[in-house]
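Peer 1: The structure follows.
Derivation of every value follows stated rules applied to the coordinates shown; laboratory data play no part. Just so it is clear, the model here is predicted, and its values are computed rather than measured.
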Number of protein chains: 2
Amino acid sequence: MRILITGAAGMVGRKLVARLAKDGMLRGQKITALDLHDIVAPQAPAPAGVDVSIHTGDLSAPGAMAALVAPRPDVIFHLAGIVSGEAEANFDLGYRVNLDGTRALFDAVRLAAFAPRLVFTSSIAVFGAPFPDVIPDEFHPTPLTSYGTQKQMSEALLADYTRRGFFDGIGIRLPTICVRPGKPNKAASGFFSGIIREPLAGQEAILPVPRSVLHTHASPRSAVNFLIRAAEIDGDKVGPRRNLTMPGVAVTVGEQIEALERIAGADVARRIREQSDETIWAIVKGWPTRFEARRARELGFAAEKNFDEIILAHIEDELDGKIA
Amino acid sequence: MRILITGAAGMVGRKLVARLAKDGMLRGQKITALDLHDIVAPQAPAPAGVDVSIHTGDLSAPGAMAALVAPRPDVIFHLAGIVSGEAEANFDLGYRVNLDGTRALFDAVRLAAFAPRLVFTSSIAVFGAPFPDVIPDEFHPTPLTSYGTQKQMSEALLADYTRRGFFDGIGIRLPTICVRPGKPNKAASGFFSGIIREPLAGQEAILPVPRSVLHTHASPRSAVNFLIRAAEIDGDKVGPRRNLTMPGVAVTVGEQIEALERIAGADVARRIREQSDETIWAIVKGWPTRFEARRARELGFAAEKNFDEIILAHIEDELDGKIA
C-alpha cells in the first residue's frame, strides 16, 4: 500500500501522517510507502518498514504532478491548498493553486491511467448565505468567496473524473475544525478555537461575536477520521454523487462556553472577554450554521456527539490531558 | 452599444443576431457595432448603421479572447461551446473549449477591466438524477456528463468573477429547445423536436420512448427572449446567485402529440411512429423533468404557457405559417 499526501505539512496533513504511521495499515493492507508533498518540506515520521519520500514544490508547476504520481500510489489524499483569506486576497495565486493545481493532479492521474482512490478535502465554504435552518445534502453550492468557488469547481471535476473511471474520488466537505492547535491566527473563524484553546492554556481570549452565533464544528481528530473513512469506503455505495458534507457538532458560541465551564471550571471560562468586532460579525453572518449531513452519516462518517467531546479531544491530543 | 456574441453561427446565435438586427436596440441604447465570433464564419445580417465584424477561431487559442474583447463591448453573449454528445465523446476537446475557452474569455474581460454585462448560456445538463418531482432553484447540480460539468464549473466562475466586479454576469440554464429547426440529428433528445417538426413537414418521425416521458421545453424564440432579458435585467435585483434556471413548458410526450393533433389534425399526428429504443430510453430516464424556476419567473423571464404555443411559434418562425 503506497500513499501520496499533498499538503502533508499542514495541520490536518501532519495529523494524518501521524495516524497512518501509527496504524501501519489502510484498507486492510500494510502501508509500505508514503509520499509526502507540500510547498515546504513536511516533517517525516520514521515508522519501521515504511519508505517515506519527501517532495516539495508548487502543485501547478508543469510536470510536477506527473512526477509525483509516477510511483502509482494506491491512495491519494489531496489536502494541499491556499487558505480562504489568502485566496481572497491573492486572486491569481488562489486559482493557480486551488483550481489549476488540483486539475494538474487529477490530469496526471488520468494520463497515468492507474485509477487510485483519491480523497479530496473540500469545505463548507462551497455554501453561501442565505440558508435554510438545516442545510440538506441536496442544497446548492453558491460560494461567496474565491476559495469556495475553487473548491466547488474541484468537486465538479472530481465527480466527472470519477464517473469516467480516471480515479475513484471522494470529496469531503470539512466543517470548521475546532479546536485548532497552535497560535491564534487572523482568520475570521479563529475565535471559535481561540475561546477554548487560549483559556485552557491559561490565556485570555477575545470573543468578537454574540453568544447566539450557531456554527458546526469537528475536531482535528474527526477530520483525520473522515479522511481514513473516505479512503476505505466502498465507492459503489457512494454512487455518482461523490462530494459529501461531513457531519459535525452544531452549537452556539454560548454552548461552547458552557461546555468549557463544565470541563475546566468557571475560572477558565472567565478568561473569555467579549469584545464585539463588527467586521468579523459581518463575515460570520454569511456562514452556514447547521448541516443535515445525512448521506455522510449513513456512509459511516462520524464526528463528536457534543462539544464536550471536542474539548476533551483537544485536552487529550494537544495538552497531554492537562489544563493550565 | 457594442455587442460581442460568441457561438454566433449556432442555431440560437443566428436567431439572436437576427433579433438584435431587427430591434436595433438593447438596454435602451442603439446598437452601433456587432462582433460575431464562431469557429466557422457566422452569417452577418446587414442592418443599416451597424458595424458588423466577423471573427473566426478557437476560443481557447492564446490571445484570441484578448483581441476579441479589445473593443470593450458593452454586452457579451457567450453562447459558444461543444455540444453535449461531442464533449462526452472527446474529453480533451470538451474541457478545452467549454471550460478553458470560457475561462479565457472571462479572464480577458477581467484583465481588460471594463466590466461589461456578460450573458452565458448554461444548461439544465448541470443537473443529474435522481430528482424530486419538481426541481427547486436551490437543488444541487450533480451533472452526469462532462458537458454538464463544464457548464457547472463555468457557472461557478461567472458568479465569482461577478462578485469580484470583473464583469456583471448572468448565467441562464436553458431547458431543451423545442422545436429545433433543421434536419434530424443523432442527439438523444432529438425526438422531442422530431415528433413535431417532421410531421408538420409531411414526413414520418420516430418516437423511441414511452408517451409518459415528462420533459421541459422552450422554443428557440423563448431562448432568444431569455438572452435579451438576461442582457437587460437589473443586476442588483439578481443578487449574488447569478445562475438562473429558465422557465419552460413541462409536458409528457403524449401531451406534445395531443397538441400537435389539436393544431395540425389527426392525419399529421399519425405520421409519428412508435418504435422503442432502449438506449435512448435509458439516457432519457436520467434527465430532469420539471423545474420550479421561481426566481427566473420573478425576474421577468417568460417562456410559452403551453405546448400549443411552442408548436405555433415553430409554424410561424420556420414554416411561414404553412403545414405540409
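Peer 1: Distances over 20 Å make up what percent of all Cα-Cα pairs in region B:1-109?
Peer 2: Here the long-distance tail beyond 20 Å is 38 percent of all Cα pairs in region B:1-109.
Peer 1: For the protein assembly as shown, what is the mean residue ellipticity at 222 nm derived from helices alone (per DSSP H run of n ≥ 4: -39500 (n - 2.57); sum divided by total residues; nearest 500 deg cm²/dmol)? Write down the numbers at each step before the final one.
Peer 2: Details: 28 runs with 254 residues, N = 648.
When only DSSP H runs of four or more count, the value is -11000 deg cm²/dmol.
Peer 1: With θ set to phi - 60°, apply the Karplus curve 6.51 cos²θ - 1.76 cosθ + 1.60 along region A:192-202 and write out the HN-Hα couplings as whole Hz, x wherever there is a Gly or Pro.
Peer 2: Listing the rounded values in order: 4, 7, x, 5, 9, 5, 5, x, 5, 9, x Hz.
Peer 1: Here's something else I'd like to know. List every residue whose amide H lies under 5 Å from the amide H of B:LEU34, counting only residues 5 or more places away in sequence or on a different chain, with H placed 1.01 Å from N in the peptide plane.
Peer 2: B:ILE3, B:ASP51, B:VAL52, B:SER53
Peer 1: Under a 5 Å amide H to amide H cut-off, with H placed in plane at 1.01 Å, what residues pair with B:PHE120 once short-range neighbours are removed?
Peer 2: Residues meeting the amide H criterion: B:HIS78, B:ILE170, B:GLY171, B:ILE172.
Peer 1: For region B:51-59, just list the computed ³J(HN,Hα) in residue order, Karplus coefficients 6.51, -1.76 and 1.60, θ = phi - 60°, integers in Hz, with x standing in for Gly and Pro.
Peer 2: So the J values, rounded to whole Hz, are 8, 9, 10, 9, 10, 10, x, 8, 3.
Peer 1: For chain A, set up a Gaussian network in which alpha carbons nearer than 10 Å are linked by springs, and say which option among A:PHE139, A:PHE166, A:PHE226 fluctuates the most.
Peer 2: A:PHE139
Peer 1: Ok, one more. What residue among A:ALA187, A:ALA18, A:ALA104 has the largest mean-square fluctuation in a Gaussian network model of chain A, using Cα springs under 10 Å?
Peer 2: Top of the fluctuation ranking is A:ALA187.
Peer 1: Quick one: which of A:LYS305/B:LYS151; A:LYS285/A:LYS322; A:LYS15/A:LYS305; B:LYS15/B:LYS305; A:LYS22/A:LYS305 span more than 31 angstrom between C-alpha atoms?
Peer 2: With Cα atoms farther than 31 Å apart: A:LYS305/B:LYS151; A:LYS285/A:LYS322.
Peer 1: Work out from phi, with θ = phi - 60° and the Karplus expression 6.51 cos²θ - 1.76 cosθ + 1.60, the ³J(HN,Hα) of each residue of region B:240-250, listed in order in whole Hz, and give x for Gly and Pro.
Peer 2: Along region B:240-250, the couplings run x, 8, 8, 10, 10, 6, 6, x, x, 10, 8 Hz.
Peer 1: Select from B:VAL253, B:VAL119, B:VAL179 the residue whose mean-square fluctuation is largest in a Gaussian network model of chain B (Cα-Cα springs shorter than 10 Å).
Peer 2: B:VAL253
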